[in-house]
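Asker: Below is the structure I would like to discuss, written out as structure tokens.
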Amino acid sequence: MQKVKSYLIRLDNLALMTGVLIALQARVNGELSNQLGNTVQAAFISFSSGLAIILLIAIFNSSIKMGIRRLFQAFKERKLHWWEFFGGVLGGNLIAIQTFIIPKIGVAVFSVASIAGQTFTSLLVDKLGISGGDKRAITLKRTVAAIITVTAVIISVADRIQIQSVSLLIVALAVLAGSIIGFQRALNGKINTYSNQSFTTSLLNFITGTSILGIYLLARSILGIEELSPLHIKPWWMYTGGVIGVVYIAFAATVVQHLGVLTFTLYSVGGQLLGSVILDWLLPTNGIQITFYLITGIAMTYLGVIAGGVNNSLARRRLTHK
């Protein structure tokens, strides 16, 4: 029993770490986007560099190849549907939606709306068992945890939200973007259940995600919407988004199937806010300050984690029976 408890604590820590990695990747990709002046191109570079890394690893890693064979076998046995292989396409579409929305409503409003969609979608995918783990009912306790988490995010950016006329359709698209994240995590968890190899899941994500972003980038260039920008050498770290993505997706795919999408989301949002504070302290960007609102939001996020049940009894029962 002690080993099971220790394992669950490690999963919680990994979920928290994925949130920190999300914040770090956003900072890295944001810098690349600012340097290039082309968000889709920056996202494509991030995805394609991650794909190159995971392909290099796959050449020398027999476990990844074995994971691919397991996925093909699961597909032949109809345990997996064809559409469940396209979690990376959801990631690519998320980037495309971000590109369209953020200039219109700003990062703060987008963050609140997308995390709302992400959190409540997590309740749905857990109930349906899409992630490949146990189905989890939409209980009062889990709903309250979701509400607390969304409230925490609203408070954390309250000082940066300007009261203005914002199209409800645009806000709805931001909520949709968050919902995409929830479904992507669930699909990755399902894939990881059958591949039994997190880097195989990462490889699949980067193949499909890079493909869809490549299509978008080509279409925007042909239609004259945006021209490709020349690459810059400095700062070198703005090209590390792909590496961070490989690790993040591998962590997320492993953890989601055990903790469930909602619990994972609660921890990762907390890690994301905490990581943002650390990055704003170490690598500050113009106009961004560590405020009382942000600190309060982080504290409330962990209250949401506690309300959601950090012990995760469903995961414990399943692991105990293994």
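Asker: For Gly270, indicate whether it is surrounded by 24 or more Cβ atoms within 10 Å (Cβ to Cβ), over 12 Å from the mean Cα position of the chain (by Cα) and within 15 Å of Thr39 (Cβ to Cβ).
Answerer: It is false that Gly270 is surrounded by 24 or more Cβ atoms within 10 Å (Cβ to Cβ), over 12 Å from the mean Cα position of the chain (by Cα) and within 15 Å of Thr39 (Cβ to Cβ).
Asker: Something else about it: Pairs needed: first member in region 224-238, under 12 Å from Ile45 (Cα atoms) and touching a residue at least 12 places away in the same chain (Cβ under 8 Å); second member anywhere, of a type in the set (Gly, Ala, Ser) and outside any loop (DSSP other than H, G, I, E, B); C-beta distance under 7 Å; at least 6 residues apart or different chains.
Answerer: Note: pairs meeting the criteria are Leu228/Ser221.
Asker: In contact (Cβ under 8 Å) with a residue 40 or more places away in the chain, over 30 Å from Ala299 (Cβ atoms) and part of a helix (DSSP H, G or I), is that true of Leu217?
Answerer: yes
Asker: Hey, does region 123-143 have a residue that's of a type outside the set (Lys, Arg), touching a Phe, Trp or Tyr at 6+ places or on another chain (Cβ under 6 Å) and at pLDDT below 65?
Answerer: The answer is no, given that none of the residues of region 123-143 is of a type outside the set (Lys, Arg), touching a Phe, Trp or Tyr at 6+ places or on another chain (Cβ under 6 Å) and at pLDDT below 65.
Asker: I've got another one for you. Only residues that are more than 18 Å from Ser49 (Cα to Cα) and aliphatic (A, V, I, L, M): list them for region 240-259, please.
Answerer: Ala252, Ala253, Val255, Val256, Leu259
Asker: Further, regarding this structure: If we keep just the residues of region 242-262 that are more than 16 Å from Leu187 (Cα to Cα) and either of a type in the set (Ser, Thr, Tyr) or over 13 Å from the mean Cα position of the chain (by Cα) (or both), which is surrounded by the fewest Cβ atoms within 10 Å (Cβ to Cβ)?
Answerer: Val243
Asker: Please report, ordered by residue number, the helices (runs of 4 or more DSSP H) entirely within region 1-117 with at least 3 residues that are farther than 22 Å from Met238 by Cα and modelled with pLDDT under 85.
Answerer: Details: elements: 2-36, 39-59, 62-76.
Ranges flagged: 2-36.
Asker: Please specify each residue of region 275-285 satisfying the condition of being at pLDDT 75 or above and surrounded by fewer than 22 Cβ atoms within 10 Å (Cβ to Cβ).
Answerer: Hit for region 275-285 is Ile278, nothing else.
Asker: Which ones in region 209-224 are over 16 Å from Asn38 (Cα atoms) and surrounded by fewer than 19 Cβ atoms within 10 Å (Cβ to Cβ)?
Answerer: Correct list: Ser211 only.
Asker: Restricting region 34-66 to residues that are touching a Ser or Thr at 6+ places or on another chain (Cβ under 6 Å) and hydroxyl-bearing (Ser, Thr, Tyr), which is nearest to Leu204 (Cα to Cα)?
Answerer: By that ranking, first place goes to Ser48.
Asker: Here's a follow-up. Could you tell me which residue of region 74-97 is surrounded by the most Cβ atoms within 10 Å (Cβ to Cβ), considering only residues that are over 21 Å from Gly241 (Cα atoms) and touching a residue at least 24 places away in the same chain (Cβ under 8 Å)?
Answerer: In this case the residue turns out to be Leu80.
Asker: Using beta carbons and a limit of 8 Å, which pairs, at least six apart or on different chains, have the first residue in region 158-187 and modelled with pLDDT under 75 and the second one of a type in the set (S, T, N, Q) and surrounded by fewer than 19 Cβ atoms within 10 Å (Cβ to Cβ)?
Answerer: Asp159/Thr291
Asker: Do we find that Val269 is in a helix (DSSP H, G or I), modelled with pLDDT of 70 or more and within 12 Å of Thr149 (Cβ to Cβ) in this structure?
Answerer: Yes: the conditions hold for Val269.
The values are calculated or read from the model by the stated rules, or taken from the named source; none is laboratory data. Given the structure is predicted, the values throughout are model-derived calculations rather than measurements. Note that we place each Cβ from the backbone using ideal geometry, even for glycine, and neighbour counts take in every protein chain shown.
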